[in-house]
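Written below as structure tokens is the structure these notes are about.
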Amino acid sequence: MNTILENYVSLLDFVSLSIGPDYELSLIDTSNGENKIIAMKCGNISGKHVGEKMLPILEEVISNKEYETSDYIVNRAAFGANGKALRTSMFFIKDEAKHLLGIMSINFDDSRYEDLGRRILQLCHPDGFEEDVRQVTAARTEGKEAGGYHGVQEEKRTLEQTIEDIVDGEFRNIMIPLERLTQEEKIAIVKNLDNKGVFMIKGAVGILAKRLDVSQASLYRYITIAREDDK
């Protein structure tokens, strides 16, 4: 391994530990023309492994000699060897004469966050509705006429609106006016919402506390009681 590239191996470790498992970091040796991966962290995103050639997007960058006019490229759309859509950034490692020795690349996979977004929408929408909305939106984007649901609002819902919908859905299942709820009944509501993961969403505690006409401190106490009941 080139001695200059050796210095980047520990940097790979540091950056990987700092930014987390959704980012795959690779160190590629381009000094000998083989363009193979010599080190990798969180290597489960692009479908590539140590000893294999780098992604085609990096081959294209080298072929176009983009490294001659820039020290790095960020947020380039790419596809992994497994077909997964990625956001790729690359840092060009050069010697004193500006010859390319290697590339440190970072591939980001946002599928976990897309899944989280779907789960949040599924909390407040009927079964299948969220998928229908996604298909309608995709069809409109492609300029096609879509069937199914019509009149879907184009603007994105805020998290606060989503939380309100989830809470409203829970309250609709209650036959008692909110002002007549006992503490035990309020805790039962909190427990149901907690099991759905609502309190993982920022702002949910404040919204529900207001709807139940209790302080946030009281609501946190209800959450604690509800979770202790599950133990």
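Among the strands (runs of 3 or more DSSP E) lying completely within the range 1-88, list those that include at least 2 residues that are within 16 Å of HIS99 (Cα to Cα).
23-29
From the list GLU155, GLU228, GLU185, exactly one residue is at pLDDT 80 or above and exposed (fewer than 10 other Cβ atoms within 10 Å of the Cβ). Which is it?
Selected residue: GLU228, the only one of GLU155, GLU228, GLU185 that is at pLDDT 80 or above and exposed (fewer than 10 other Cβ atoms within 10 Å of the Cβ).
Table: residues versus (1) within 22 Å of PHE79 (Cα to Cα); (2) surrounded by 15 or more Cβ atoms within 10 Å (Cβ to Cβ).
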position	(1), (2)
TYR8	no, yes
LEU12	yes, yes
SER18	no, no
PRO21	yes, no
LEU25	yes, yes
THR30	yes, yes
GLU34	yes, no
ALA39	yes, yes
GLY51	yes, no
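Is there any pair linking a residue in the range 14-36 that is within 24 Å of ASN2 (Cβ to Cβ) to one that is of a type in the set (Ser, Thr, Tyr) and surrounded by 15 or more Cβ atoms within 10 Å (Cβ to Cβ), with Cβ under 6 Å and at least six apart or on different chains, and which?
Close Cβ pairs satisfying both conditions: GLU24/SER46; LEU25/SER16; SER26/SER105; LEU27/TYR8.
Does LYS65 fit the bill of being loosely packed, with under 14 Cβ neighbours inside 10 Å, at pLDDT 90 or above and among the basic types (Lys, Arg)?
Here the answer is yes, as LYS65 does meet what is asked.
Contact list please: Cβ distance under 7 Å, first residue in the range 192-209 and without any contact (Cβ under 8 Å) to a residue 40 or more places away in the chain and assigned to a helix (DSSP H, G or I), second residue of a type in the set (D, E, K, R) and surrounded by fewer than 17 Cβ atoms within 10 Å (Cβ to Cβ), pairs at least six apart or on different chains.
So the pair list comes out as ASP194/ARG227.
Cβ-Cβ distance below 8 Å, separation of 6 or more or different chains: which pairs start in the range 41-62 with a residue that is not assigned by TED's automatic domain parsing to the domain that holds ASN82 and end on one that is surrounded by fewer than 19 Cβ atoms within 10 Å (Cβ to Cβ)?
Qualifying pairs under 8 Å: none.
Just the residues that are touching a helix residue (DSSP H, G or I) at 6+ places or on another chain (Cβ under 7 Å), β-branched (Val, Ile, Thr) and modelled with pLDDT of 90 or more, please, taken from the range 72-128.
ILE73, THR88, ILE93, ILE103
When you scan the range 100-109, do you find a residue that is surrounded by fewer than 14 Cβ atoms within 10 Å (Cβ to Cβ) and in contact (Cβ under 8 Å) with a residue 40 or more places away in the chain, even just one?
The initial filter retains those residues of the range 100-109 that are surrounded by fewer than 14 Cβ atoms within 10 Å (Cβ to Cβ), namely none.
No, the conditions are met nowhere in the range 100-109.
The values are calculated or read from the model by the stated rules, or taken from the named source; none is laboratory data. Computed from a prediction, not measured in an experiment: that's the story for all the values here. Virtual Cβ from ideal backbone geometry, glycine too; neighbours counted across all protein chains shown.
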